[in-house]
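Novice: Before anything else, here's the structure in question.
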Amino acid sequence: MPTIVRSKNPTPRGAATVAKPTNGIQTVMNFANGKWVASHSTDYLPVMDPSIGQQIANVPLSTPQDVDDAVRSAQKAFPEWSSTPIKERVQVFYRYKTLFERHAEELAALVHQENGKTMSESMAEVEKSVEVTEFACSMPQLVAGEILEVSRSVECRIDRVPLGVVVSITPFNFPNMVPNWTIPNALVLGNTMILKPSEQVPLSALRIAELLKEAGLPDGVFNIVHGGQAAVEAICDHPGIQAISFVGSTRVAKAVYVRATSHLKRALCLGGAKNHLIVLPDAHEEMTATNVAASMSGCAGQRCMAASAMVAVGAVDHIVKRLCDEARKIVPGKSLGAVISKSAKERIERYITEAERDGAKVLVDGRNAVVEGKEEGYYVGPTVIDYVRPDMKIAQEEVFGPVLSITRAETVDEAISIENSSPYGNAASVYTQSGGLANYVVERASAGMIGVNIGVPVPREPFSFGGWNESKFGSGDITGKSSIEFWTKLKKTTTKWNPEAKVNWMS
């Protein structure tokens, strides 16, 4: 756990985005009613640049009072924003999208600095944010109300209306993209929002707020509260909040879902994953090896869609060998970014060591990786471990690092059984050149997102993102068309104007 720093002289409320206390480290601010405000808390956590292992900022551990301030700001803005026609609301996000494209390199550099992923991965994250914003701009065509004459001179009409004040709690691994999974859709649909970003990566959220304001979003429609567990619990408990979306570990997702729904809130909480890639003997060697290696190591394996478990069916040693060759080409500090923290590095390497001790064979070893010139950075090299048994800890738990465990299976049905036995259900993939075998696996895999010869089967807009089982708690998905159901409720109106019309049971 990082050390909590208690500030004797907290930044005055109403100051700029960041302030510079005497130690020269920037202090991150909350954002409410269109202004940067200091937290009521005097407790802060250090924000680190994982690639060099150096502190770049302090982030406040905000209090329930900070949450209440943000809720009041959002409540004040809701009546005017929700009554603004959607055609006008969406204009803000056309401008926001343009600003995102204009500042893409700057936004990617922020992600690189606070998260540690490579610049190319950071840019891809920003580009995905642009895509989901583009989808939000299509909302006027997707949420047009329905009307039908159900009886002579009697009309029934359905309209989608916003919920009110909503909250998005986002993780460290995608500090730009995951907030934008929720912000454009929720706000275009007329809600007002509080964002609680991961305390490990607060800087991207600040720039998002600035760009939304520049795009013309009215004050109070979007707010930010930084912090940790206390802030999340205050969000779950606050009676002024109508809905919460969460992305993070399964343990916390489940706790947030239970606490939020116990207070009668709508909640959609996405958790962790253990994604299985089933490789069949007829799989294309080069495509499979390069694809699996990229899926395993992309974003340093710190994504819920990463390949973490490969099930090798039958005679696939040639593919395993090629996979190891591809993994060795991935270089920490160049084509492989840092993991988020020193403790994460230690935890990931501990999984590798325990698997080796329990009888697995480490084919490519990424432990003790050091990058020249960034010796204090938190790097784990690409790691491939063969002959992992299904009962091993590394086979059952989410490692969240650039580590691939390989389990051997004799048949497709055995491989499917291994995949089905996982409590998670985010993603699964099959590598084969047989359409029949591919369909056989697709129909039987227990996961919400399936790939055929694709290692990261993330649906593109307008198709929605969301898993099954212990990877998701709540109904619907967080992006795409499915998100409309989560961020709105239906209002049904029945109207009769003609008093001479025949009266029947429908009128």
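The values are calculated or read from the model by the stated rules, or taken from the named source; none is laboratory data. Bear in mind that the values here come from a model prediction, so they are computed numbers and not experimental data. Heads up, the Cβs are rebuilt from the backbone with ideal geometry, glycines too, and the neighbour counts pull from every protein chain shown.
Novice: Can you run down the residue pairs with Cβ atoms below 6 Å, 6 or more apart or on separate chains, where the first is in the range 400-421 and assigned by TED's automatic domain parsing to the domain that holds Val384 and over 30 Å from Phe172 (Cβ atoms) and the partner is basic (Lys, Arg) and in a helix (DSSP H, G or I)?
Specialist: Correct list of pairs: Ile416/Arg444.
Novice: Have a look at Val258, Val313 and point out the one that is outside the structural domain of Glu410 (by TED's automatic domain parsing), modelled with pLDDT of 95 or more and over 15 Å from Leu404 (Cβ atoms).
Specialist: On inspection, the qualifying residue turns out to be Val258.
Novice: Still on this model: Looking at the range 430-450, can you tell me whether even one residue there is within 26 Å of Pro171 (Cα to Cα) and outside any loop (DSSP other than H, G, I, E, B)?
Specialist: Yes - at least one qualifying residue is present in the range 430-450.
Novice: Met296: part of a loop (DSSP other than H, G, I, E, B) and either within 22 Å of the chain's Cα centre (by Cα) or in the same structural domain as Ser198 (by TED's automatic domain parsing) (or both), yes or no? Steps first, answer last, please.
Specialist: Values: part of a loop (DSSP other than H, G, I, E, B): no; either within 22 Å of the chain's Cα centre (by Cα) or in the same structural domain as Ser198 (by TED's automatic domain parsing) (or both): yes.
For Met296, the condition - part of a loop (DSSP other than H, G, I, E, B) and either within 22 Å of the chain's Cα centre (by Cα) or in the same structural domain as Ser198 (by TED's automatic domain parsing) (or both) - is not met.
Novice: Among the numbered criteria (1) out of contact with any strand residue (DSSP E or B) (no Cβ under 7 Å at 6 or more places or on another chain); (2) crowded, with 18+ Cβ neighbours inside 10 Å, which single criterion is violated by Ala215?
Specialist: (2)
Novice: Go through the range 341-364 and count every residue that is closer than 12 Å to Asp386 by Cβ and either not assigned by TED's automatic domain parsing to the domain that holds Asp391 or not basic (Lys, Arg) (or both).
Specialist: Total meeting the criteria: 7.
Novice: Would you check which residues across the range 19-40 are farther than 11 Å from Glu199 by Cβ, at pLDDT 95 or above and not basic (Lys, Arg) and list them?
Specialist: Met29, Asn30, Phe31, Ala32, Asn33, Gly34, Trp36, Val37, Ala38, Ser39, His40 - these are the residues of the range 19-40 that are farther than 11 Å from Glu199 by Cβ, at pLDDT 95 or above and not basic (Lys, Arg).
Novice: Being over 28 Å from Tyr379 (Cα atoms) and assigned by TED's automatic domain parsing to the domain that holds Val221 narrows it down to one residue among Val126, Val130; which is it?
Specialist: Result of the check over Val126, Val130: Val130.
Novice: Within the range 486-507, track down each residue that is among the charged types (D, E, K, R), modelled with pLDDT under 95 and surrounded by 12 or more Cβ atoms within 10 Å (Cβ to Cβ).
Specialist: Lys496
Novice: Ok, one more. Inside the range 419-436, can you point out the residues that are buried (at least 20 other Cβ atoms within 10 Å of the Cβ), within 23 Å of Met287 (Cα to Cα) and not aromatic (Phe, Trp, Tyr)?
Specialist: Across the range 419-436, the qualifying residues are Glu419, Asn426, Ala427, Ala428, Ser429, Val430, Thr432.
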